[in-house]
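Presented below is the structure to which this report refers.
The values are calculated or read from the model by the stated rules, or taken from the named source; none is laboratory data. Quick caveat: nothing in here was measured; it's all calculated off a predicted structure. Neighbour counts run over all protein chains shown; Cβ positions are idealised from the backbone, glycine included. Each accessible area value is taken on the protein alone, full model and side chains, heavy atoms only, with ligands, DNA and RNA left out. Shrake-Rupley method; radii C 1.70, N 1.55, O 1.52, S 1.80 Å.
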Amino acid sequence: MAFTYKQTEQSGITIFHLTGDIIDKAEATAFIEEVNKISASGKNRFILELSGVKYMNSSGLNILVNILTKARNSGGEVVVCNLSKKVSDLLVITKLDSIFHILPTVEEGIKKLK
């Protein structure tokens, strides 16, 4: 399934609703550029809503870690939420569950980032 994203904002927090498989950095170029543009404008709090992501490989993990690094380097934070079992298991296996804030819903992510 091709990767797509939709962007919204709530309470000054940028929310990305991601859909598809994140397996190729080239497929996510527009998404990465959008994150960079938002970050450059001074916004550094992101929620990645992943209910539509059923599969992710090392390229996908790299994208998530880069977003987290960019946000934290500018004093912000990233929350990931609505993970499928496969993606959740991947974060646990790679120990990335210890560096990301993982929450069940966007609403809880907003509360965490306020």
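Output ³J(HN,Hα) for region 53-58: one whole-Hz value per residue in order, computed from phi by the Karplus curve 6.51 cos²θ - 1.76 cosθ + 1.60 with θ = phi - 60°, and x for Gly and Pro.
Ordered by residue, 3J(HN,Hα) equals 9, 9, 8, 8, 10, 4 Hz.
Hull surface divided by four, with the convex hull built on the Cα atoms of the chain: how many nm²?
The number I arrive at for the chain is 6.1 nm².
Just the projected area, averaged over all directions, of the convex hull on the alpha carbon atoms of region 34-75: how many nm²?
Working: hull surface 12.5 nm².
Convex hull of Cα atoms, orientation-averaged projection: 3.1 nm².
Averaged per residue, what accessible surface does the chain expose to a 1.4 Å probe, in Å²?
51
Given a 1.4 Å probe and every protein chain left where it sits, what share in percent of the accessible area of the chain is carbon and sulfur?
On the way: 3090 of 5860 Å².
Carbon and sulfur: 53 percent of the exposed surface of the chain.
Sort 71-81, 23-33 for me by packing, meaning the mean count of neighbouring Cβ atoms within 10 Å per residue, highest on top.
Numbers: 71-81: 17.8, 23-33: 14.2.
Output ranking for 71-81, 23-33: 71-81, 23-33.
Please state the charge dipole magnitude for the chain, taken about the Cα centre, from unit charges on C-beta atoms (+1 on K and R, -1 on D and E), reported in debye and rounded to the nearest 20.
Once rounded to the nearest 20, the dipole reads 260 debye.
Identify, among CYS81, ILE23, GLY12, the residue whose Cα sits farthest towards the positive end of the charge dipole of the chain, taking +1 on the Cβ of Lys and Arg and -1 on the Cβ of Asp and Glu, with the dipole about the Cα centre.
The residue sitting farthest along the positive end of the dipole is GLY12.
By how many nm would the segment from VAL92 to ASN36 grow when fully extended, if each residue of separation counts as 0.36 nm and the alpha-carbon distance is taken off?
Net length gain for the segment: 17.5 nm.
If all Cα-Cα distances of region 1-51 are sorted into 5 Å bins from 0 onward, what percent lands in each bin, rounded to whole numbers?
The calculated distribution, bin by bin, is 5, 21, 30, 25, 13, 6, 1.
Sequence-distant or interchain residues sharing an amide H contact under 5 Å with GLY52, placed H: which?
Hits under the 5 Å cutoff: LEU18.
Could you list which residues have their amide H under 5 Å from that of THR105, counting only those 5 or more apart in sequence or on another chain, with H placed in the peptide plane?
ASN82
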